[in-house]
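A.B. asks: I have a structure I would like to understand better, so I am pasting it below and will then ask my questions one at a time.
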Amino acid sequence: MAAEEEGLTGPGGTRPVPGPESGRGQNPQPAPEAASQSASQSVQGPAAAPGTEHRPEPRSVPELLLGRPPMTRPLPTFDAEAAPAEPGPLFVDWLATALDAGVLDPQVVTLSTVDADGMPDARVLVLRDIDAAGTGWVFSAAADSPKGRQLGDHPAAAITVYWPQLGRQVRVRGTVERAADQVAAAEFATRSPAARIGALVGRQSEPLASPAEYEEAVAVARRRLEATPDAVAAGHTVYTLWAHEVEFWQGHAERHHVRLRYTRTGPVRTPEWSRTLLWP
C-alpha cells in the first residue's frame, strides 16, 4: 500500500509530511452539477424564498458518521520490533513527527483523573515537557481547580493523545508528583502574557454571572501583571505524571492496527521496561 511505502518505520525513519495527495482514499467531492441536484432533492416542503439558504434534509447521526470512515488516507507504518527499549524516546520521536507533519496542536493532550466519588473526569490541556529519561509527562494546573483538587486527593492519572493526520494514539497511565513552588514559578514565567493573565484571574470552573464580570476580572489581572511582571498565580502548580504503562497505537485503514505496550518493571525514573505487542 502507499501508506507502507511512505511510512515511518521507527525512530530515525523518514517522517511523512502530508501533501496534496493526503486526501486519497476519502470520499470524492461531487461535481458542482451533481451537488446542486442532490441539494435540491433533499429540501423538504415548498421552495425556499429568494435570498434564503437551502437547508438540506437532516440525516441520522449513524448516517453522518458512516459517510466519513476514519483513517481512509495514507498513514505511516510502525515497526514495533525496531522500537526503543524505553517509551520516552519513542514518544518524543512521534511528537516531532507530528510537528513535522503539520498536525494542529500536537502538544494538546487529554488528562483523565478521578474525583472524590470515584467518577472519572477528563479535559484537554497543554503538555509542557517530557522527561524522556525518567518517562514523565509534565503539565501544569491550578491546585484549587477541579483537576488540581482531584490530583491532590488521588495522585494518579492518565494522559491520552491522538494525532489524526498520522492515525497515531498514545496512552499513558501512572502516578502524579507535584513539583516544588520554585519550579512552578519558573514555568509560569515562560507563559504568554495572555496565559498569565488568565491564570491570575483564577476561579476556574466556578459559576460565572456574566461575561462582563469576567472582563472586569481580566482588566484587574492585566493591571496587576503590568505592575508586577513576575507575579505568579496563587496555586499555580507543575505536575509530572510518571508513567507505569505506555501504549503506542498506529492506526491502519484496513484495521491492521499496530499496538505496542510498555510496562515499567523497575522503580520510577529507572530505565526498566518490558514490551508487549497487543492484538488490534
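A.B. asks: Cβ-Cβ distance below 7 Å, separation of 6 or more or different chains: which pairs start in the range 84-110 with a residue that is over 23 Å from V268 (Cα atoms) and end on one that is open to solvent by less than 50 Å² (accessible area, probe 1.4 Å) and part of a strand (DSSP E or B)?
C.D. replies: A98/W163; V103/W163; P106/W163
A.B. asks: Can you find a residue in the range 260-275 that is aliphatic (A, V, I, L, M) and out of contact with any strand residue (DSSP E or B) (no Cβ under 8 Å at 6 or more places or on another chain)?
C.D. replies: No, that holds for no residue.
A.B. asks: I'd like to check which strands (runs of 3 or more DSSP E) are fully inside the range 99-168 and have at least 3 residues that are buried (at least 17 other Cβ atoms within 10 Å of the Cβ), in contact with a helix residue (DSSP H, G or I) (Cβ under 8 Å, 6 or more places away or on another chain) and not basic (K, R).
C.D. replies: 136-142
A.B. asks: Residues of the range 112-152 being within 20 Å of G198 (Cα to Cα) and among the polar types (S, T, N, Q), which ones?
C.D. replies: Once the filter is applied, which keeps residues that are within 20 Å of G198 (Cα to Cα) and among the polar types (S, T, N, Q), the range 112-152 yields S140, S145.
A.B. asks: Restricting attention to the range 232-256, which residues are without any contact (Cβ under 8 Å) to a residue 60 or more places away in the chain and in contact with a helix residue (DSSP H, G or I) (Cβ under 6 Å, 6 or more places away or on another chain)?
C.D. replies: V232
A.B. asks: In the range 173-185, what count of residues is obtained for those that are open to solvent by less than 60 Å² (accessible area, probe 1.4 Å), out of contact with any helix residue (DSSP H, G or I) (no Cβ under 7 Å at 6 or more places or on another chain) and of a type outside the set (S, T, Y)?
C.D. replies: Start the filter on the range 173-185 by keeping residues that are open to solvent by less than 60 Å² (accessible area, probe 1.4 Å), which leaves 174-176, 179-180, 184-185.
Cutting the leftovers down to out of contact with any helix residue (DSSP H, G or I) (no Cβ under 7 Å at 6 or more places or on another chain) gives us 174-175, 179-180, 184-185.
From what's left, of a type outside the set (S, T, Y): 174, 179-180, 184-185.
Selection size over the range 173-185: 5.
A.B. asks: Additional query: Could you say whether any residue in the range 257-267 is aliphatic (A, V, I, L, M), more than 27 Å from R149 (Cβ to Cβ), in contact (Cβ under 8 Å) with a residue 12 or more places away in the chain and open to solvent by 30 Å² or more (accessible area, probe 1.4 Å)?
C.D. replies: There is at least one residue in the range 257-267 that is aliphatic (A, V, I, L, M), more than 27 Å from R149 (Cβ to Cβ), in contact (Cβ under 8 Å) with a residue 12 or more places away in the chain and open to solvent by 30 Å² or more (accessible area, probe 1.4 Å).
A.B. asks: Hey, another quick one. I'd like the residue in the range 64-80 that is over 20 Å from L277 (Cβ atoms) and in a helix (DSSP H, G or I) and, out of all such residues, is nearest to the chain's Cα centre (by Cα).
C.D. replies: Residue satisfying both the conditions and the ranking: L65.
A.B. asks: Could you pull out the residue among V92, V109, V103 that is of a type in the set (V, I, T), at pLDDT 95 or above and in contact with a Phe, Trp or Tyr (Cβ under 7 Å, 6 or more places away or on another chain)?
C.D. replies: Checking each option against the conditions leaves just V103.
A.B. asks: Sticking with this one: If you check E206, E226, E216, which single one turns out to be among the acidic types (D, E), surrounded by fewer than 16 Cβ atoms within 10 Å (Cβ to Cβ) and closer than 22 Å to D153 by Cβ?
C.D. replies: Result: E206 is the single residue among E206, E226, E216 that is among the acidic types (D, E), surrounded by fewer than 16 Cβ atoms within 10 Å (Cβ to Cβ) and closer than 22 Å to D153 by Cβ.
The values are calculated or read from the model by the stated rules, or taken from the named source; none is laboratory data. None of these values were measured; they are calculated from a predicted model. Here the Cβ is made from the backbone with ideal geometry for all residues, glycine too, and neighbour counts use every protein chain on show. Just the protein is used for accessible areas: all its heavy atoms, side chains included, with ligands, DNA and RNA removed. Shrake-Rupley method; radii C 1.70, N 1.55, O 1.52, S 1.80 Å.
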